[in-house]
Structure formats: C-alpha cells, structure tokens
1. Give the residue that is farthest from residue 114 (Cα to Cα), with candidates limited to residues of region 1-18 that are touching a strand residue (DSSP E or B) at 6+ places or on another chain (Cβ under 8 Å) and modelled with pLDDT of 95 or more.
2. For region 30-49, enumerate the residues that are of a type outside the set (Val, Ile, Thr), under 17 Å from residue 93 (Cβ atoms) and over 11 Å from the mean Cα position of the chain (by Cα).
3. Would you mind stating whether residue 111 is in contact with a strand residue (DSSP E or B) (Cβ under 9 Å, 6 or more places away or on another chain) and within 18 Å of residue 25 (Cα to Cα)?
4. Does residue 21 meet the test of being more than 11 Å from the chain's Cα centre (by Cα), at pLDDT 95 or above and not in a loop (DSSP other than H, G, I, E, B)?
5. I'd like to check which helices (runs of 4 or more DSSP H) are fully inside region 38-143 and have at least 2 residues that are on the phi > 0 side of the Ramachandran plot, open to solvent by 60 Å² or more (accessible area, probe 1.4 Å) and at pLDDT 95 or above.
Amino acid sequence: MNLDDTRQSTPGKTALFAVVETFGGGALRDLWVFDGDTQEPLFIREDVADELADADAERYIDNERYGFVTRETYDNLHYAEFYYTVRGFDTFEQYRTFVSRGDERVGVLCSFDRREGGYDFADLTELLADELADYPLAELRPP
C-alpha cells in the first residue's frame, strides 16, 4: 500500500509521507497516523504488509496511544520537552512522535529497516516539525 492508494489523502499527509520517505528511502517499512480513537496507514511496504497480515494492527496502535499520556507525564517531570520514542527490534527500528497544536495532538508511527550506524531521529523530528508547521491537524488526523 502506498499513499496513492489511500483515499483519505490530504496535502498534510502527503507532506508527512514525503518527509518520512526522504528520510528513510527504501528502508521505510510503514507509516501510520493515529489519534485517541482511530488509526490510518499511509504506507505499508509489500513485504511488511505480508508480515502484518495476521497481526492485530489496531491492538498494536492502541499500545502506542499510551504515548498521549506518557508525553504529558514526561513534559511535567522533566525540564526539557519530550520529542519522540524509538524502539529497536531485531530487524527494524520504530519511531513515534506527536504533531501538536496547543493541547491537540496526532500521533505519527513509522518503522525503518535496521542499518549500520542507525538513524538520526532527532533530525527526523526537526524535519517533521518544520515541514508540517503550516498544516492544520485536521489534515493529519485519521478519518
């Protein structure tokens, strides 16, 4: 599945996909947006789609929704603002962040094949913030 196959495409989602695809290139495995209730895949590479065919994606994304709570907790406990979470698996690395406008947030979850030297996820976070700054959250939310 790619962005062109997603009927709910918006300019904001197109911009999000462009940043993440440029960052990860062919190593990009999947890209999702989610809110407190729903999720939408914007991209799933074919081999990853095969692996996910028997997985409960909704249950998995439900776990990522805890980030709405933990982000606020971390922001209240630390002197620095919380930006992103990275999880390392044996074959890929997963990145989660939130695009915020005031108290409103949309989650972004994506994964990349592991590679020597890893990724600069701080750079990805800055790229997303810069590129998505002019898009309203409505353009990023799942349907």
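1. Among residues in region 1-18 that are touching a strand residue (DSSP E or B) at 6+ places or on another chain (Cβ under 8 Å) and modelled with pLDDT of 95 or more, the one farthest from residue 114 (Cα to Cα) is 13.
2. Looking only at region 30-49, we keep the residues that are of a type outside the set (Val, Ile, Thr), and these are 30-32, 34-37, 39-43, 45-47, 49.
Checking which are under 17 Å from residue 93 (Cβ atoms) leaves us with 30-32, 43, 45, 47.
Across region 30-49, the qualifying residues are 45, 47.
3. Against the criterion (in contact with a strand residue (DSSP E or B) (Cβ under 9 Å, 6 or more places away or on another chain) and within 18 Å of residue 25 (Cα to Cα)), residue 111 qualifies.
4. Details: more than 11 Å from the chain's Cα centre (by Cα): yes; at pLDDT 95 or above: yes; not in a loop (DSSP other than H, G, I, E, B): yes.
Against the criterion (more than 11 Å from the chain's Cα centre (by Cα), at pLDDT 95 or above and not in a loop (DSSP other than H, G, I, E, B)), residue 21 qualifies.
5. Values: elements: 46-52, 57-64, 66-77, 121-132.
Fully inside region 38-143 and qualifying: nothing.
The values are calculated or read from the model by the stated rules, or taken from the named source; none is laboratory data. Since this is a predicted model, take the numbers as computed values, not measurements. Here the Cβ is made from the backbone with ideal geometry for all residues, glycine too, and neighbour counts use every protein chain on show. Calculation scope for accessible area: heavy atoms of the full protein, side chains included, ligands and nucleic acids excluded. Shrake-Rupley method; radii C 1.70, N 1.55, O 1.52, S 1.80 Å.
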